[in-house]
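Taking it in order: structure first as structure tokens, then the write-up.
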Amino acid sequence: MDGTLYCSGQIAIDPETAHLVMESLEEETEQVLQNLGAVLRAASMAYEHVVHCTVYLTDINDYAVVNDVYARYFSEEPPARETVQVAALPRGARVEIACVAVK
């Protein structure tokens, strides 16, 4: 569909080191959203173009921490989203976020 970006789930891989950012859940979530932003920019889009996100957590009790960071990126008219707990994520990540953006 023209003008629609389906972005696969991003985890907290630091693009400079290729290592997973795991110091804290807040820093991990921050890196996930920075990676998502890089994909959006590569498609000439921005966070405001995001219409839907799926957040995957290995522990649903981490929701509040992830939500606080998420809200910094999607403060104006946040997109629809669902959050689900999963058994595991790639490379031992604790959070992964996928999105759909429309320009």
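Bear in mind that the values in this text are calculations on the coordinates, not laboratory data. Computed from a predicted structure; not experimentally measured. Note that each Cβ is placed from the backbone with ideal geometry, even for glycine, and that neighbours are counted across all protein chains shown.
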### Message
Out of all DSSP beta bridges in the chain, what portion is antiparallel? Express it as a percent rounded to 5.
### Response
70
### Task
Can you check what the net charge comes to around LEU89, using other residues whose Cβ is under 13 Å from the Cβ of LEU89 (Lys, Arg +1; Asp, Glu -1)?
-2
### Query
Using the alpha-carbon atoms, what tilt in degrees (0 to 90, nearest 10) does helix 25-42 show relative to the longest principal axis of the chain?
30
### Task
Note the angle between two axes, namely the Cα long axis of helix 63-73 and the longest principal axis of the Cα atoms of the chain, as a number of degrees from 0 to 90, rounded to the nearest 10.
40
### Summary
Among GluC sites (Glu not before Pro) in the range 27-103, those in a DSSP loop whose Cβ has at most 11 other Cβ atoms within 10 Å are GLU76
